[in-house]
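Visitor: One structure follows; several queries about it will come next.
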Amino acid sequence: MEGSNVRRLRASQRFKLFLPTCMRLGHELVHCNILDLSVSGALVTATRPAAIGVTVFLRVGDRARAARVVRRDGRQFGVEFAVPLTAEEVGALVQADRRSAVA
């Protein structure tokens, strides 16, 4: 990834959360958790993490999003969404996570 793209992605505000979800990895459905989220990507953890360069379909909110794995560290991996989320979508997910943490 070019340096300018990395700076652009890193410029997106990240929100810490804990969002149990799932992803499609090839033909397999894998349970995972989103640990942080921004409009451009997410940090995910799974017992069966995807390899760098692989495209997964990560359930974010009410639909699956194509995302490419851009880094990996053990069970955690960072993904870049093929189509960025909107700030409103991210805000709704963060608010829902905070409400569930209080309940």
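The values are calculated or read from the model by the stated rules, or taken from the named source; none is laboratory data. Just so we're clear, the structure is a prediction, and the values are computed from it rather than from any experiment. Every residue, glycine as well, gets a Cβ built from its backbone with ideal geometry; the counts of neighbours run over all protein chains shown.
Visitor: Condition (residue is under 19 Å from residue 32 (Cα atoms), surrounded by fewer than 14 Cβ atoms within 10 Å (Cβ to Cβ), in contact with a Ser or Thr (Cβ under 8 Å, 6 or more places away or on another chain) and not hydrophobic (A, V, I, L, M, F, W, C)) applied to segment 61-78: is it met by at least one residue?
Guide: Yes; the residues of segment 61-78 include at least one that is under 19 Å from residue 32 (Cα atoms), surrounded by fewer than 14 Cβ atoms within 10 Å (Cβ to Cβ), in contact with a Ser or Thr (Cβ under 8 Å, 6 or more places away or on another chain) and not hydrophobic (A, V, I, L, M, F, W, C).
Visitor: Filter segment 38-78 for residues that are among the polar types (S, T, N, Q) and out of contact with any helix residue (DSSP H, G or I) (no Cβ under 9 Å at 6 or more places or on another chain); which is modelled with the lowest pLDDT?
Guide: Per the stated criteria, the residue is 47.
Visitor: Among the residues in segment 77-89, are any in contact (Cβ under 8 Å) with a residue 24 or more places away in the chain and more than 13 Å from the chain's Cα centre (by Cα)?
Guide: There is at least one residue in segment 77-89 that is in contact (Cβ under 8 Å) with a residue 24 or more places away in the chain and more than 13 Å from the chain's Cα centre (by Cα).
Visitor: Between a first residue in segment 51-68 that is touching a residue at least 24 places away in the same chain (Cβ under 8 Å) and a second residue that is part of a loop (DSSP other than H, G, I, E, B) and surrounded by fewer than 15 Cβ atoms within 10 Å (Cβ to Cβ), which pairs have beta carbons less than 9 Å apart while being 6 or more apart in sequence or on different chains?
Guide: Every condition considered, the pairs that remain are 54/26; 55/82; 56/26; 67/82.
Visitor: For the structure I just gave you, tell me whether residue 44 is crowded, with 17+ Cβ neighbours inside 10 Å and touching a Ser or Thr at 6+ places or on another chain (Cβ under 8 Å).
Guide: Spelling it out, it is not the case that residue 44 is crowded, with 17+ Cβ neighbours inside 10 Å and touching a Ser or Thr at 6+ places or on another chain (Cβ under 8 Å).
Visitor: If you don't mind, there's one more thing I want to ask. Could you please find all residues in segment 42-61 being outside any strand (DSSP E or B) and not polar (S, T, N, Q)?
Guide: 48, 49, 50, 51, 52, 53, 54, 61
Visitor: If you go through segment 85-95 one residue at a time, do you hit one that is touching an Asp or Glu at 6+ places or on another chain (Cβ under 7 Å), under 14 Å from residue 42 (Cβ atoms), modelled with pLDDT of 95 or more and not in a helix (DSSP H, G or I)?
Guide: Among the residues of segment 85-95, not one is touching an Asp or Glu at 6+ places or on another chain (Cβ under 7 Å), under 14 Å from residue 42 (Cβ atoms), modelled with pLDDT of 95 or more and not in a helix (DSSP H, G or I), which makes the answer no.
Visitor: Checking residue 39 against (1) surrounded by 15 or more Cβ atoms within 10 Å (Cβ to Cβ); (2) part of a strand (DSSP E or B); (3) in contact (Cβ under 8 Å) with a residue 40 or more places away in the chain, which test does it fail?
Guide: (2)
Visitor: Of everything in segment 11-34 that's outside any strand (DSSP E or B) and loosely packed, with under 15 Cβ neighbours inside 10 Å, which residue is nearest to the chain's Cα centre (by Cα)?
Guide: Filtering first and then ranking leaves 13.
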